[in-house]
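Have a look at the structure below, then the notes.
The values are calculated or read from the model by the stated rules, or taken from the named source; none is laboratory data. Remember, it's a predicted structure, so these values are computed and weren't measured experimentally. All Cβ positions, even for glycine, are placed from backbone atoms using ideal geometry, and neighbour counts span all protein chains on display. With ligands, DNA and RNA removed, areas are computed over all heavy atoms of the protein, side chains included. Shrake-Rupley method; radii C 1.70, N 1.55, O 1.52, S 1.80 Å.
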Amino acid sequence: MVNVKRVAVLCLAAVGVAVSGSDVLAGGPMGTATIKGKAMLSAAKPSMRAIDMGADKACAAMHSKPQYPQGKMVFPDGSIPYAFIYLKDGVTGKYDTPSTPVEIDQQGCMYRPHVFGMIAGQPLLIKNNDDTAHNIHALPKKNAQFNFSQPKKGLENKLEGSKTFTRPEVMVKIKCDVHPWMSAYAGVLSHPFFAVSGKGGEWEIKNVPAGKYTLAIWHEEWGTMEVPIEVADGATVEHTFTYSKAAAQRDVNVREVTVGSGPIARASNP
Amino acid sequence: MSAATHGSHAGHDHGAAHGHDLPFWRKYVFSVDHKVIGVQYTITALVFLLFGFSLMMIMRYQLAYPGRPLPIVGSWLGPGLVNADRSLSPDGYNVFGAMHGTIMVFLAVVPLVVGGFGNYVVPLQIGAPDMAFPRLNAASYWSYLSGGLVMFASFFMKGGAAQSGWTSYAPLAVISPGQTVWLLGMVLLITSSLLGSVNFIVTIVQLRAPGLSFFRLPFFVWAQFVTAFLLLLAFPPLEAAAILQLMDRIAGTSFFMPTGLVVSGQILPTEALPHTGGGSPLLWQHLFWFLAHPEVYVLILPAMGIVAEVVANNTRKPLWGYRSMVYAIIFLGFMSFIVWAHHMFMTGMGTKLSLFFATTTMIISIPSVVVLTALILSLWGAAMRFNSQFLFALAFLPMFAIGGLTGLPLGLPASDIHLHDTYYVIGHFHYVVAPGTIFAIFAGVYHWYPKVTGRKMSELLGRVHFWPSLICMNVIFLPMLFQGLQGLSRRTYDPLVYDAGQAVQGWHFVSSWGAWILAIAQIPFIINFFWSAVAGKKVSDNPWDATTLEWAAPSPPPHGNFLKSVSVYRDPYVYSPPGRPSDFWPQNQPPED
Amino acid sequence: MMAGGYSLWLPVDVSKHGFEIDRLIYALHILMAVLFVGWGIVFAYCLVRFRQRPGHRADAVVIKAKASKYAEIGVAVFEAVLLLAFAVPVLARVKNQFPSEAESEVVRVVAEQFAWNGHYAGADGVFGRTDPKFIAPDNLIGLDPNDPHGTDDIITVNELHVPVNKPVIVRLSSKDVIHSFAVPALRVKQDVIPGMTIPIWFEAARLGEFDIQCAQLCGNNHFKMRGRIHIDTDAAFAEWKKSKAPGEAPKVSEEDFQL
Amino acid sequence: MSLKAFHVVFVTVALLFCTGFGVWSIRSYLRFGDGVWLVLGAASLACVPVLVWYFRWFLRKLKRVGYL
Amino acid sequence: MSATAEVIPHTVEPHPVTGVYNGKFGMWLFLASEIMLFGALFSSYVLLRVGSAEWPHGYSVLNVPLATVNTMVLITSSVTVVMAWYCLQLNDFGKARLYLLATIGLALVFMVIKYIEYSSKFEHHHYPRTNLFYGLYFTLTGLHGLHVLGGILVFLYFVGPGAGMWKTDPHRYTNRVECAGLYWHFVDLVWIFLFPSIYLL
């Protein structure tokens, strides 16, 4: 049994690191402007069910309270966490790839953090803190797929060089196939100007050089939005992204099929 | 007939003159001589046999001690195959499992019994100077070797080796890494088998010595003949299947991918998996098993042939029921094409179809019983000479009996419900191929070694090799039958996950130690194999007092095989003929002699 | 070496049809033992009696062994009997003679890498529509939220509950690759083929909790694809269903959010 | 079976094919009214007498050659 | 090591009992395996088609006139290859060579038409992955095309570097052309089955 409170604190700390992605970086031109704001939802809250962790007793035992899908979280004031905000266009400089890895932890059969940003080529450190088997299945479109298992507690894999995500891609989904509810998203960029919204939907991108940019937001459930933005040295620009409807743009080919079904086997038709 | 005699003459004259002026690499490396190719096949396949066995020994460590870091080898294996703590990873387990099956079947056992023994012995036993198409024969070997190297190289490629089982069931195989290289390797191996089988059939039909009618052929040649037909007709459907799966993987077709798949939460088609659907996963299984069931007989028929040779020679009496054995294996060959779907009883096929295949499966067990019974009855009234090859041939009989009998519960769809895809299946077919076919291979090596090298292998080391091998084989595979009866699924990386696995974990421990001791028991064989080649006792051309034609050639036979033309005057196994002082009467000895 | 009703030989059988399969397996093993021992006796006798020794010469005269012919005919007859008298009726009963849906409990099982998703029709007895586009972490089988039949459906992961002494029909389907639904204790096994829905049925005779295994290699965590099947009394089953029924949408407070 | 024998089989199959395809094309023409079908059908049927003539010529010319 | 062939009986002269020489026997066995290969693919085609809810008619999506021309081209090429073999039997190497060159030419025409067909499909964004029909179309005709390509290479060898054998061993050369002809007939026969089943039905 893991102390839930402690986990929560740790995770908040993890989000904190991701929010200030720009602190860690050097190489290209760094500025003094700050862009910050909130991610909000004005539409009706989504209906959700608690995650059924009965699939793996080891997972269920790690939680005293029901867990909900992170992508559907909405705070009572309508703010939403786990939105990924980044400068989509307008960044010109070339930025170094940091050698400090981005850490993904598997804890209580959830990924911590659920959404994070990284720079293409930055190493990934994946840890298993659960007393059960996980597999880590990345489903990128532009980068190389990976899919491996960590069958027990304490194992960790460091992916670097050609093994990590080497090309910018927003977003890469990471999934655990053993525990189908487990997913994480990585925003892979070529520069350090990104943030992930946290408590109160707040986010902040620091050290932005003066210039004109396209500021974009991505959210797993609500989709993407873009806004042009201009910053001057030393200035702080605020922008609040508000999703007004379920913009869920899932790039799926909608078909009229029932999941996993098809013609009933003729011979053994009841 | 005169043409054949003339041909043999020419062969000798030519061979004697030709054998000397070839440079080393033409004589021993890129040779077109069936004997050199046979030896190349044998040695390559023995290396693959050892390699495939090593993969299994690593897997057995994980099964005996789930999750424990691998000693020694753990640090040699790449990060895909082992976890950070150097224990075997689930991916590594699947890779090793798939490659163990592939290597053992396609790269070790079939090349040994067909490519190795078939190539070396068949032309000699029919009195031919070489195979019908020597260059095709060489092409067959080099195609096999390239296929093998491609398979081996796949371990070091991005994505690693195949990990979807040797059966490569779609859709898993279509979406798993490593499979493309596996398919390319298979295409090369299939090509090799096709070239080889065409060569064998033509050789056996066209190149027999004068007087060697079909019913005077040694049983081994018959076995190779039927085997060649199985390879010729059963492999192309697998090639077709491999082409289709290759298209699925690289061109994005959906032959084996049905509509509406959701892989890892992604609805197909996606950019990475552009499968539009509409295909049938069962199509792959039908095409695969249409090959793979005859393939089982490809594994076992030549082994029966070797055992028959060794038994006849060392009992010093003719085989009991030679003709019925021949008819039995011809019938077996035909039937093996209509039993394939007994591997698919659990796929939801209709009961009528199930019963059809169950019936053909029961029918096909009869000829196996005939052959086995004939071999056992051949012992009656014998004067047995217990040398190493005979010990292995004798051990083949009960081991193959267990393997064959345990096939019965799997051949009936009702009992198969409980036993399908459990360790019972593994125990069953390993009894057929491991202490079965591989023991026959050992018997063949000890038997024909003097022909190849002119020297005998050590009898002492032979016995040191035989007894631990026999015991260990049973220690490994008998527990699997019990594990299977408990319902433990095969291909389970960590058996402790399941109740059934926990109940029978002790057997895993026993099996694994059996496997490791078996490996040690092969050391005397390896020493014997190489040491005897230089220091073994020199022997005459016919050290076992055998009757078949290969012993009429010098040891080792020169290029062109026979010093003078051979003709055949009688049945293959005229041992202890009444009224003659000698207890054997070679096929080529004229009657007035 | 005992755990959960497993012994050295066949494991515990809690189904009503299982004894027939077990009987067939026993009969087959008796046949196998008879044949093996029969061969073994001849074999062993030969090994001792017909060794090479001075003055002994092999007898090349062909023995007319009628025994072998009888043995072979015997085997063929025995196999025919097994096939016709045992295997066929069992197979027909298990595969063809389905109970009526009205009198049975119908469950859908949607397999995926690497879990068994259970789907119960809920109080209205009608399965909700499913569609891949609705698949989400909290909706693993893609239940259509707009379908009124689906609102009361029960979804489980790796956990099935079935009533005892009542026929159960399981409709098997797969989201991705081939799996195999195996419950050794119930003597049930069926490959789950994507693109097809394959129904099977069984009737449990005893209470308990048993393993669901995946018997077909389905990927790197194939070994982790273990579910549990609970065989409950009618009352307990109804109780469980009630406890699982989705009620009002849960009120999620800020404290439930864990970042 | 020699090449001659196989050629006999081949020409027979080709004859059957030309007849069948000709008839099929004409029927398609009647169904869809597309002139292409008429051309194809006529050409294919025209091949039939040509092939028959060739067949007879071939058999006469290769009388010496064996079928095995 | 062409000399090895001399030591092996029945390389040129037929076996007295079977009545054929080794090469022809081997070629027929090879064709038997080819029948199994294409048979398996045809069975897959039938199975997939029967299992599909809808299936386009070949003539509605494929270019039948072009394929008809291709069929005629292949039938003609079978005639020329038989003639080449016959001319060799009459000791007329010059004429045989012309017939072989004609066969190669016709095979090349076939490949060019095939190329035109394929590229127009790609222009319309019809790829093997488009649907099952196109998948099978490209796989079956592509594999057949590879066989045609193999035949072209063999015939090129016979008129090019392999032609020297006509001087040293004319009988064997004639046999080789016969074997290649058998293969070529088989490839053409496959097309005669492929054409109606893919383009017309």
message: Give me the one-decimal nm value for the distance between modelled label points at B:I338 and B:E271, 7 Å along each residue's Cα-to-Cβ direction.
response: 5.2
query: In percent, what relative contact order does chain E have, based on Cα pairs under 8 Å that are 6 or more apart in sequence?
result: 30
- request: Any chance you could look up the accessible area of A:R112 with a 1.4 Å probe, heavy atoms only, rounded to 10 Å²?
  value: 10
field: Where N is the number of residues in segment D:3-61, Cα Rg divided by 2.2 N^0.38 Å
entry: 1.31
message: Angle check, please: helix C:234-244 long axis (alpha carbons) against the longest principal axis of chain C (alpha carbons), in degrees 0 to 90, nearest 10.
response: 50
message: Heavy atoms only, 1.4 Å probe, whole protein assembly: order A:K65, A:K127 by accessible area, highest first.
response: A:K65, A:K127
- line: At 20 °C in a medium of viscosity 1.002 mPa s, chain B has a Stokes-Einstein diffusion coefficient, with Rh taken as the Kirkwood radius over alpha carbon pairs, in µm² per second, of 86
- line: To the nearest 10 degrees, the tilt of helix B:351-377 (Cα long axis) against the first principal axis of the alpha carbons of chain B is 30
query: Taking each residue of C:182-191 in turn, how many C-beta atoms of other protein chains fall within 10 Å of its C-beta, and what is the average?
result: 6
message: Can you give me the C-alpha center-to-center distance between segment C:229-244 and segment B:259-295, rounded to a whole angstrom?
response: 37
task: Rank by packing, highest mean first: peptides B:577-585, B:60-68, with packing defined as the count of other Cβ atoms within 10 Å averaged across residues.
output: B:60-68, B:577-585
statement: Each label sits 7 Å from Cα toward the beta-carbon; between D:T12 and A:A144 the label points are separated, in nm, by 5.8
message: In 10 Å bins starting at zero, report the fraction of Cα pairs in chain C per bin as a rounded %.
response: 6, 22, 26, 17, 11, 8, 5, 3, 1, 0
task: Calculate, for B:W513 and C:N146, the FRET efficiency according to 1/(1 + (r/R0)^6) with r their C-beta to C-beta distance and R0 41 Å; round to the nearest 0.05.
output: 0.10
- request: State, to one decimal in nm, how far the label point of E:V46 lies from the label point of D:W57, with both points 7 Å from Cα in the Cβ direction.
  value: 3.7
task: Provide the solvent-accessible area of B:R249, counting protein heavy atoms only and rolling a 1.4 Å probe, rounded to the nearest 10 Å².
output: 60
- request: Can you figure out the FRET efficiency of D:L30 with E:V61, using R₀ = 25 Å and their beta-carbon distance, to the nearest 0.05?
  value: 0.70
field: Dipole of chain B, positive direction: furthest Cα of B:A138, B:L50, B:P581, with charges on the beta-carbon
entry: B:P581
query: Can you pull the accessible area of C:E203 for me, 1.4 Å probe, Å² to the nearest 10?
result: 40
- prompt: Over chain C, what is the mean sequence separation of C-alpha contacts under 8 Å (at least six apart), divided by residue count, expressed as relative contact order in percent?
  reply: 20
- line: Partner aspartates and glutamates whose C-alpha sits under 16 Å from that of C:K189, ignoring same-chain residues fewer than 8 away, are B:D416, B:D421, C:D13, C:E20, C:D22, C:E203, C:D211
- request: Take B:I526, C:I200, C:I30 and sort them by solvent-accessible surface of the protein heavy atoms, 1.4 Å probe, largest at the top.
  value: C:I30, B:I526, C:I200
- request: Mark the label point 7 Å from the Cα of B:R385 along Cα→Cβ and return the residues of segment B:457-499 whose backbone N is within less than 12 Å of it.
  value: none
Alpha carbon Rg of the protein assembly as shown, scaled by the compact-globule rule 2.2 N^0.38 Å: 1.02
message: How shielded is B:240-250 by partner chains, expressed as the average number of their Cβ atoms within 10 Å of its Cβ atoms?
response: 4
task: Calculate the mean, over all residues of peptide C:201-214, of how many other protein chain Cβ atoms lie within 10 angstrom of the residue's Cβ.
output: 2
task: Please state, to two decimals, what the Cα-based radius of gyration of segment B:31-122 comes to when divided by 2.2 N^0.38 Å (N = residues).
output: 1.35
task: Using R₀ = 45 Å, calculate the FRET efficiency as 1/(1 + (r/R₀)^6) where r is the Cβ-Cβ separation of D:A46 and B:F356; round to 0.05.
output: 0.40
- request: Would you mind checking the radius of gyration and Dmax of segment B:71-212 based on alpha-carbon positions, in Å?
  value: 19.0, 67
message: At 0.890 mPa s and 25 °C, plugging the Kirkwood radius over alpha-carbon pairs of segment C:48-196 into Stokes-Einstein gives what diffusion coefficient in µm²/s?
response: 123
message: Can you tell me the orientation of helix B:179-206 relative to chain B, as the angle in degrees between its alpha-carbon axis and the longest Cα principal axis, to the nearest 10?
response: 20
field: Selection from B:Q502, B:H559, A:Y213, by position along the positive dipole direction of the protein assembly as shown (Cβ)
entry: B:H559
query: In the protein assembly as shown, what % of DSSP beta bridges are antiparallel (nearest 5)?
result: 70
statement: The percentage of Cα-Cα pairs in segment B:461-510 separated by more than 16 Å is 45
query: So, with +1 on the Cβ of K and R and -1 on the Cβ of D and E, and no other charges, what is the size of the charge dipole of the protein assembly as shown about its Cα centre, to the nearest 20 debye?
result: 3500
query: So what's the gap between the Cα centers of segment A:108-178 and segment B:21-70, to the nearest angstrom?
result: 37
task: Using only protein heavy atoms and a 1.4 angstrom probe, determine the accessible area buried between E and B, summed over both sides, in Å² to the nearest 100.
output: 3600
- line: With the charge dipole of chain B built from beta-carbon charges (+1 for Lys and Arg, -1 for Asp and Glu) about the Cα centre, the Cα from B:F525, B:I201, B:A161 projecting farthest to the positive end belongs to B:F525
- request: Give the distance, in whole Å, between the Cα centre of segment E:88-111 and the Cα centre of segment D:1-54.
  value: 24
- prompt: Give me the log10 of I(q) over I(0) for chain E at q = 0.13 Å⁻¹, as the Debye formula computes it from C-alpha points; what are the numbers?
  reply: -0.77
message: With a 1.4 Å probe and all protein chains kept in place, how do E:E178, E:E54 rank by accessible area, largest first?
response: E:E54, E:E178
